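The values are calculated or read from the model by the stated rules, or taken from the named source; none is laboratory data. What you are looking at is a predicted structure, and each value in this text was computed from that prediction instead of being measured. Backbone-built Cβ (ideal geometry, glycine too); neighbour counts: all protein chains shown. Heads up: the accessible areas ignore ligands, DNA and RNA and are worked out on the full protein's heavy atoms, side chains in. Shrake-Rupley method; radii C 1.70, N 1.55, O 1.52, S 1.80 Å.
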Amino acid sequence: MKEPKKGGTVQILRKLDQALHWLEGVISMLCFVAMALLVLFGVLSRFVLHIPMMWTEEASRYLMVTGAYIGISMAARERAHLGLTFVVDMFPAKIRSAVIILRELISITAYLLFTWFSTSFMLQVQSFQQKSAALRWPMWIMYVPLVVGFGLAAVQAMMLFYNDHFLGGTALESYDDELMAN
């Protein structure tokens, strides 16, 4: 395939991809490192100092959930979600590309619906003014990672769809090579 032009839509797509890749990596890394440190601190405070810090357990749980929901977007970018390729492969070659497009549009729609429903749920929880047990944080904050994770996954899926079906699959593939080189 020919190399895409260095400008316009391809450049925007690559910059957005680069920014999302960096953001997702930083958020997930910070979440899992902080979670590990909090668990270690909680174990030490409970079994060495004999001072249980219940908030560490709750905070580490929320950090794990945040990292996992950011991982949804990361997996969408890497095409690591269930793709039902065995079903797609059963179709004749002439129909297969249409089935792939349908599958990708269903994925985008699902991510957008999950974003919508998680946003609605988060706002409903916010109206209850409930607080978390140990940290005493507003519970709606605990649902922000769902909205962000599904929203970023929708953006990633739309970028891949645009790249594959409007740019011939060249913009992000060549960018992957640049990522590996750095």
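Laid out as a table, the results:
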| item | result |
| --- | --- |
| Boolean, ALA76 is modelled with pLDDT under 95 and under 30 Å from LEU37 (Cβ atoms) | yes |
| Given (1) farther than 24 Å from THR9 by Cα; (2) of a type in the set (S, T, N, Q); (3) under 21 Å from the mean Cα position of the chain (by Cα), index of the condition GLN130 fails | (3) |
| Single residue of the range 110-141 satisfying the filter (in contact (Cβ under 8 Å) with a residue 40 or more places away in the chain and open to solvent by less than 70 Å² (accessible area, probe 1.4 Å)) that is farthest from MET158 (Cα to Cα) | ALA134 |
| Flag if GLU57 is out of contact with any His (no Cβ under 8 Å at 6 or more places or on another chain), closer than 27 Å to LEU30 by Cβ, open to solvent by 80 Å² or more (accessible area, probe 1.4 Å) and free of Cβ contacts under 8 Å to residues at least 40 places away in the same chain | no |
| Per-region count, the range 84-96, residues in a helix (DSSP H, G or I) and open to solvent by 70 Å² or more (accessible area, probe 1.4 Å) | 6 |
| Residues of the range 5-57 classified as closer than 22 Å to ILE72 by Cα and of a type in the set (D, E, K, R), total | 4 |
| Filter result for LEU135 (in a loop (DSSP other than H, G, I, E, B), in contact with a helix residue (DSSP H, G or I) (Cβ under 9 Å, 6 or more places away or on another chain) and closer than 28 Å to ALA36 by Cβ) | yes |
| Residues (among the polar types (S, T, N, Q) and surrounded by 15 or more Cβ atoms within 10 Å (Cβ to Cβ)) located in the range 97-109 | SER107 |
| Close pairs from the range 142-162: first touching a residue at least 60 places away in the same chain (Cβ under 8 Å) and of a type in the set (S, T, N, Q), partner surrounded by 20 or more Cβ atoms within 10 Å (Cβ to Cβ) and part of a helix (DSSP H, G or I), Cβ under 8 Å, at least 6 apart | GLN156/SER73; GLN156/ALA76; GLN156/ARG77 |
| Residue satisfying condition, being open to solvent by less than 80 Å² (accessible area, probe 1.4 Å), in contact (Cβ under 8 Å) with a residue 60 or more places away in the chain and within 21 Å of the chain's Cα centre (by Cα), within set VAL65, VAL26 | VAL65 |
| Test for GLN156: is it open to solvent by 50 Å² or more (accessible area, probe 1.4 Å) and at pLDDT 90 or above | no |
